[in-house]
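The values are calculated or read from the model by the stated rules, or taken from the named source; none is laboratory data. In this text the structure is predicted, and so the values were computed from the model without any measurement. Positions of Cβ are backbone-derived with ideal geometry, glycine not excepted, and every protein chain shown enters the neighbour counts. Side chains are part of the model used for accessible areas, which takes the heavy atoms of the whole protein and leaves out ligands, DNA and RNA. Shrake-Rupley method; radii C 1.70, N 1.55, O 1.52, S 1.80 Å.
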Amino acid sequence: MPETLLLEIGTEELPARFIPGALQSLERVASEELRKNGIAFGPMETFATPRRLALLAGGIPETQEGRVEEVFGPPRNAAFDAEGRPTKAALGFARSQGVEPESLVIRKKGKGEYAAAVIEEKGLPVGEVLPELLRKIILSVHFPKSMRWGDGSLRFARPIHWIVAMLGGAAVEFELDGIRSGSRSRGHRFLSPGEFEIDEPDRYVELLRQRSVVVDQRQRVGMVKEESARLCEAVSGKPYFVDEDHPLMVADLVECPRAVLCSFDRKYLDLPDELLGSVMWGHQKYFPVVDNYEDRNLLNHFIIVSNTRGENDDTVRRGAERVIRARFEDARFYFEDDKARTLHSRVEDLKKVTFHERLGSLYEKSMRTRALASRICEAVDPGLKETVERAAMLSKTDLVTGVVYEFPELQGIMGMYYAAGDGEKPEVALALHEQYLPAFSGDRLPEGDVGAIVGMADRMDSIAAFFSVDLKPTGSEDPFALRRQALAVMTVLMDKGYPLTLAGLLGMALEGLGGLRGPRAVEEDLLQFFELRLDGLLSARGYSQDLIQAVRGFYMDEPLANLTRRLEALGGFKSRAGYDDFLTAIKRVRNIIPGEELPAVNPALLGAGEEKALFEALESVRDVDVLAGEGRYADAIEKLLGLTGPVNDFFDKVLVMDKDPRVRENRLSLLSEIWRAVSSVADFSKLAESGT
């Protein structure tokens, strides 16, 4: 009869950020090991609290699945004589496989026939297999970091204190680094600290609940959300969750969640909301309380999720309010102290801060960014030059303020507040924050052009500089987040519609490095780096691979906003009635033209009929490059469609490879010029590869 398998790994408190990944790893490893060992299983669930990782798998059979294996031996003519009797080779092979010679069979392998031994292995009782299997599962759970403790050699996220391993009502006994498994678990560290016996794995969740442990993450998250919302109603507010993982992270800090509503002095609401939020959530893991989810105005309340019972609410509240008051006082001190100096007065301070030991100070970095941003302005909007230069010069000054030193996650945000307080232009103040947008995929774009330009200049300088000193990303390693910065630059270029090309932007960034600029190979590496990132960005935006490959030749020398319009036009073309016929015709052209440069077409050498008709068709599409240059891609494609008939008629009626070398070369020149005109819109051969 199928049984339920329980594995619980009891530990010292695990970091909350480790838990989601550990559960995924536990389920994956357990599934793989059970399948690998021929053990069927039904529904599998994983659970976690700060003190335990657990797994329940139903439908575990009594025995492993049997295994049948065929082992090939000598060739048939070497294994049996003319009368079909086994030779010494067959006898030796049978003996090595532990089977009788009479049981050998003939099997085909490739073009030959061979003697083969059919070996049947019966499944072992699952109870005999599980001890080593569970040991392996525990040792295979992955964490961002692991540790050793005591004199043992075992590595895990935190020291293991107990292991529960059960199949049905029976314990699965094994030892791991001196820890013996069994059927005894432990309840809540403070509310039910003793050990207790688990009689059935199916009662695991309920038995822990009786001992003040809510082992199911989903239940804890639900409790946190519901209790927080209920408490906030008393102050006409709502709990503010920074993101979807916010309640999960808090729920993974406790085994028995208990939300408590707390308050703080209203005077602290004079501080920036982001600073208060960073203290409450980023440092203390408290939930801020807002008036509503639209305006998100902070109220002078917050929610703490404790790990204890309701009778302790007052003690928890007093402690949390005392902590938050001290933290807010620190924040207010740094904020007021920072405002005593202007950001402009801090520019010189940047000379004392190293950007990178091989790339100079933050001051030098800021000056390069300023120069590059100024050049970008010339292409985007020369009227913004003075404002952009000012914003670029101040862009890193908030990094040497007290608040940002204590709360690094507020860089840019505090710069915006300080610049506004200094009387800087609103565009400058906003740019100090928006230079960091988009911070990640899907993040919002800068609203203003000043922040977008400064952000692009800053990122392009960083990318070019690190490549120039050979500190580029390798494999999965990207310590300076250059891939993410490249995606941000391309996203801004694409969505803002700036008339800048990647090649032009890269050239300006490299020129701005002065003596830091690396050899010619650096430029080639950078081009390839951006091409690969752009492939991924376009793919993430839903463009098919054939369309992406068809426009890849325009990546560097065309504004990215134009590139997306080109892709849209090509995508629309794929739905046209003449799409397949056009691709077939163009593929015929591409397949025959040589790779070398040919002279211009000589009209005097053209024959009558289809050859002259194709030349006339070529003349009618010579302006498609102009249309493409104006962004009129759909009009250009419409013109190119007129080539389909003349091209097919030419190939059907005219011998391209004429015996006369002058005629042959002239016909190839005609086809080459057709291809050149078509290629000003896209490399249609890439579409032809997938379309025909």
TODO: Can you tell me how much longer the chain between ASP295 and ALA229 gets when fully stretched, taken as 0.36 nm per residue apart minus their C-alpha distance, in nm with one decimal?
DONE: 22.1 nm
Task: Charge-dipole axis of the chain as Lys and Arg at +1 and Asp and Glu at -1 on Cβ define it, positive-most pick from LEU6, CYS256, VAL205 - done: LEU6
Open item on the list: I want the local charge near ALA486. Using Cβ-Cβ distances under 9 Å, sum +1 for each Lys or Arg and -1 for each Asp or Glu among the other residues.
Closed with: +4
Open item on the list: Step by step: find N for the chain, compute 2.2 N^0.38 Å, then divide the Cα radius of gyration by it. What's the final number?
Closed with: 1.34
Task: Helical contribution to [θ] at 222 nm, DSSP H n ≥ 4, -39,500 (n - 2.57), averaged over the chain, rounded to 500 - done: -14500 deg cm²/dmol
Open item on the list: Give me the dipole magnitude in Debye, nearest 20, for the stretch 561-668 about the Cα centre, with unit charges on the beta carbon: positive for Lys and Arg, negative for Asp and Glu.
Closed with: 260
Open item on the list: Quick check for me: using +1 on Lys/Arg Cβ and -1 on Asp/Glu Cβ, what's the dipole size of the stretch 386-506 about its Cα centre, in debye to the nearest 20?
Closed with: 300
Task: Sulfur and carbon atoms: percent of accessible area, the chain [1.4 Å] - done: 48
TODO: Work through the residues other than ASP202 whose Cβ is under 13 Å from its Cβ and net out their charges, Lys, Arg +1 and Asp, Glu -1.
DONE: -4
TODO: Place +1 on the Cβ of every Lys and Arg and -1 on the Cβ of every Asp and Glu in the stretch 14-127, take the dipole about the Cα centre, and give the residue among GLY21, THR49, ILE39 whose Cα lies farthest towards its positive end.
DONE: GLY21
Task: Average Cα contact separation per residue, the chain, under 8 Å, 6 or more apart, as relative contact order % - done: 7
Open item on the list: Below 9 angstrom from the Cβ of GLY631, what's the summed charge of the other residues (Lys, Arg +1; Asp, Glu -1)?
Closed with: +2
Task: Whole-Å distance, taken between Cα centres, linking the stretch 157-198 and the stretch 233-262 - done: 30
TODO: Taking the Cα centre of the chain as origin, sum charge times position over the Cβ atoms of Lys and Arg (+1) and Asp and Glu (-1), and report the length of that vector in debye to the nearest 20.
DONE: 920
Task: Part-to-part distance (alpha-carbon centres) for the stretch 333-407 and the stretch 96-118, which is given in Å - done: 77
Task: Label-point gap, in nm, between ASN77 and ARG266 - each point 7 angstrom along Cα→Cβ - done: 10.3
Task: the stretch 54-148: relative contact order as a whole-number percent, Cα under 8 Å and 6+ apart - done: 34
Open item on the list: Distance between the C-alpha centers of the stretch 633-650 and the stretch 574-626? Whole Å please.
Closed with: 8
Open item on the list: Accessible area per residue for the chain in Å², computed with a 1.4 Å probe and the full protein assembly in place, what is it?
Closed with: 48
Task: Inter-site label distance for LYS351 and ASP557 at 7 Å from Cα along Cβ, in nm - done: 4.5
Open item on the list: Can you compute the modelled spin-label distance between ARG322 and SER103, with each label point 7 Å from Cα toward Cβ, in nm?
Closed with: 7.7
Task: Exposed chymotrypsin sites (Phe, Trp or Tyr not before Pro) absent - longest run of the chain, DSSP non-H/G/I/E/B, at most 16 other C-beta within 10 Å - done: 481-692
Open item on the list: Under 27 Å between alpha carbons, and skipping anything fewer than 8 positions from LYS686 in its own chain: which lysines qualify?
Closed with: LYS574, LYS587, LYS639, LYS653
TODO: Specify whether the C-alpha gyration tensor of the stretch 117-206 places it in the rounded, prolate or oblate class, a ≥ b ≥ c being the square roots of the eigenvalues: rounded for a/c under 1.5, otherwise prolate if a/b is larger than b/c and oblate if not.
DONE: oblate
- [ ] Please tell me which of these pairs span more than 20 angstrom C-alpha to C-alpha: LYS145/LYS285; LYS36/LYS136; LYS238/LYS285; LYS365/LYS472?
- [x] LYS145/LYS285
Open item on the list: I need the calculated FRET efficiency for the pair ARG17 and ASP470, taking r as the beta carbon distance and R₀ as 35 Å, to the nearest 0.05.
Closed with: 0.60
Open item on the list: Given the options THR308, TYR334, PHE355, identify the residue whose Cα lies farthest towards the positive end of the charge dipole of the stretch 299-355 (+1 on Cβ of Lys, Arg; -1 on Cβ of Asp, Glu).
Closed with: PHE355
